[in-house]
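The values are calculated or read from the model by the stated rules, or taken from the named source; none is laboratory data. Note that the structure is a prediction, hence the values are computed from the model and not measured. Neighbour counts run over all protein chains shown; Cβ positions are idealised from the backbone, glycine included. Areas reflect the complete protein model, heavy atoms only, side chains present, ligands, DNA and RNA absent. Shrake-Rupley method; radii C 1.70, N 1.55, O 1.52, S 1.80 Å.
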Amino acid sequence: MKVQQKNTKAGDYPSLWWDEERKIIKVIDQRRLPFLFEIFEARTLNEVAFAIKEMVVRGAPLIGITAAFGMVLAAQQSANTSREVFVKKLKEAKNILLKTRPTAVDLFNNLEIMQKTIDVNRTNRENIQQLKLQAKKLLEATLSECKKIGEVGAELFTLKTKSVLTYCNAGALATVDYGTALAPIREAHKRGKRFTVFVPETRPRLQGGRLTAWELANEGIDHLIITDNAIGHYLKKGVIDLVIVGADRITVNGDVANKIGTYTISVLCKEHHVPFFVAAPLSTFDLQTKKGEEIIIEERSEEEVRTVLCVESSKDQKPKRRLIHNPNSPNKNPAFDVTPAENITGIITAKGILRQPLKKKIAKLFNPQ
Ligand code: MRU
């Protein structure tokens, strides 16, 4: 991801990387972007748990990768214990990480893989090495899958595609680079296609207006921020040719959990005959859960709805939380919703686009004969 930001060295930053010298992870802190570009260092298991919970990092694939490295840090912290204590500490670490955010399945899938990497017959030092290798492998797999999702999804852009709508942030920030929903957009742009990306704000945390818009601006891709309420208006007018969103969890039957508001967009797309695509890596598929109703939807704080993070002008680098509602009115803040499989035109994966019937195509993707 190309990051051009005042007061930082312009250059290429992935959203997360391993610092081999200090044996820690570094991530782009997404809490105050685009007003403030800061690098957050996670040196311990607790700092990783904090980073996921407080959304220093966010987006399903990145949450999963961060958690994998959280296990490496936990292992390093227990290096000088007996093998028995080491294994017990890592079980505890896994449980702490599992409780950070409930909806994105990449977290659960990756922690399961990390757990399986631990072998009681190895020394702690060997186990740490293996855990680190595994976390790096997961990171590399996400990177190459996202790149491929870009190539596969770019085929959806024809000469007639003048506009595409994406939602929340399923970009490089939400993965490690490229993104899922943003990868085809990036790739189509790179191939010379010209179109406008509609970017709904994505209340309450404004991942669209803050993060997706920031990524697109950094890449010089034409985009327009719209309010979430304007989505129906533009779909009805026939202004939007294509919709591509990310996913936090895809169940066996093809139902998709994604940022709250995604379901509404899918219904509007159905009504107005606009193709609605989901882009996701394999780590976002949940083969243990049959259908969307079984997914736990994260409820976040009232504070996120009652306030917004803002600055007074583009020169101001000290974002503040400001009250925007009647102060003592209660509110509700579900972070995700579920889009039923039947509303989805296709799922863009690194192995191709899965089209209806999704249940059958998902089964085939994981069990090719
Ligand atoms: O609450 P967030 O910001 O973690 O939610 C992110 C989303 O809903 C994304 O669309 C999803 O994780 C896919 S990211 C490639």
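Among the candidates 297, 265, the residue that is part of a loop (DSSP other than H, G, I, E, B), of a type in the set (A, V, I, L, M, F, W, C) and under 20 Å from residue 59 (Cβ atoms) is uniquely 297. In summary, residue 361 fulfils each of the numbered conditions (1) basic (Lys, Arg); (2) surrounded by fewer than 16 Cβ atoms within 10 Å (Cβ to Cβ); (3) in a helix (DSSP H, G or I) with the single exception of condition (2).
In the range 190-202, which residues are crowded, with 20+ Cβ neighbours inside 10 Å and without any contact (Cβ under 8 Å) to a residue 40 or more places away in the chain? 197, 199, 201, listed by residue number.
Of all residues in the range 313-343, those that are more than 14 Å from the ligand (Cβ to nearest atom), of a type outside the set (Gly, Ala, Ser) and assigned to a loop (DSSP other than H, G, I, E, B) total 14. With respect to the stated conditions, residue 19 fails to be acidic (Asp, Glu), more than 16 Å from the ligand (Cβ to nearest atom), in contact with a strand residue (DSSP E or B) (Cβ under 9 Å, 6 or more places away or on another chain) and modelled with pLDDT under 95.
Just checking, which of 265, 221, 240 is modelled with pLDDT of 95 or more, within 16 Å of the ligand (Cβ to nearest atom), open to solvent by less than 50 Å² (accessible area, probe 1.4 Å) and hydrophobic (A, V, I, L, M, F, W, C)?
Among 265, 221, 240, only 265 is modelled with pLDDT of 95 or more, within 16 Å of the ligand (Cβ to nearest atom), open to solvent by less than 50 Å² (accessible area, probe 1.4 Å) and hydrophobic (A, V, I, L, M, F, W, C).
State yes or no: is residue 250 within 16 Å of the ligand (Cβ to nearest atom) and surrounded by fewer than 24 Cβ atoms within 10 Å (Cβ to Cβ)? Judged against the criteria, residue 250 is not a match.
Would you be able to say whether some residue in the range 72-79 is buried (at least 24 other Cβ atoms within 10 Å of the Cβ) and within 16 Å of the ligand (Cβ to nearest atom)? No, the range 72-79 contains no residue that is buried (at least 24 other Cβ atoms within 10 Å of the Cβ) and within 16 Å of the ligand (Cβ to nearest atom). Within the option set 255, 286, being open to solvent by less than 40 Å² (accessible area, probe 1.4 Å) and closer than 23 Å to residue 200 by Cα holds for one residue only, 255. Taking the range 183-199 as the range and being touching a strand residue (DSSP E or B) at 6+ places or on another chain (Cβ under 8 Å) and either of a type in the set (S, T, N, Q) or within 16 Å of the ligand (Cβ to nearest atom) (or both) as the test, the residues that pass are 183, 184, 185, 196, 197, 198, 199.
Restricting to the range 338-364, give me the number of residues that are touching a strand residue (DSSP E or B) at 6+ places or on another chain (Cβ under 7 Å) and not small (Gly, Ala, Ser).
Of the residues in the range 338-364, 13 are touching a strand residue (DSSP E or B) at 6+ places or on another chain (Cβ under 7 Å) and not small (Gly, Ala, Ser).
Would you confirm whether any residue within the range 326-338 is within 28 Å of residue 237 (Cα to Cα) and either β-branched (Val, Ile, Thr) or open to solvent by 40 Å² or more (accessible area, probe 1.4 Å) (or both)? Yes, the range 326-338 contains a residue that is within 28 Å of residue 237 (Cα to Cα) and either β-branched (Val, Ile, Thr) or open to solvent by 40 Å² or more (accessible area, probe 1.4 Å) (or both). In summary, residue 178 fulfils each of the numbered conditions (1) hydroxyl-bearing (Ser, Thr, Tyr); (2) in the same structural domain as residue 283 (by TED's automatic domain parsing); (3) open to solvent by less than 60 Å² (accessible area, probe 1.4 Å) with the single exception of condition (3).
Every residue, every condition in (1) within 16 Å of the ligand (Cβ to nearest atom); (2) open to solvent by less than 10 Å² (accessible area, probe 1.4 Å); (3) of a type in the set (D, E, K, R), yes or no:
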site: 117; (1), (2), (3): no, no, no
site: 137; (1), (2), (3): no, no, yes
site: 145; (1), (2), (3): yes, no, yes
site: 150; (1), (2), (3): yes, yes, no
site: 159; (1), (2), (3): no, no, no
site: 171; (1), (2), (3): yes, yes, no
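Residues that are in contact with a Gly (Cβ under 8 Å, 6 or more places away or on another chain) and either hydroxyl-bearing (Ser, Thr, Tyr) or within 16 Å of the ligand (Cβ to nearest atom) (or both) occur at least once in the range 87-97.
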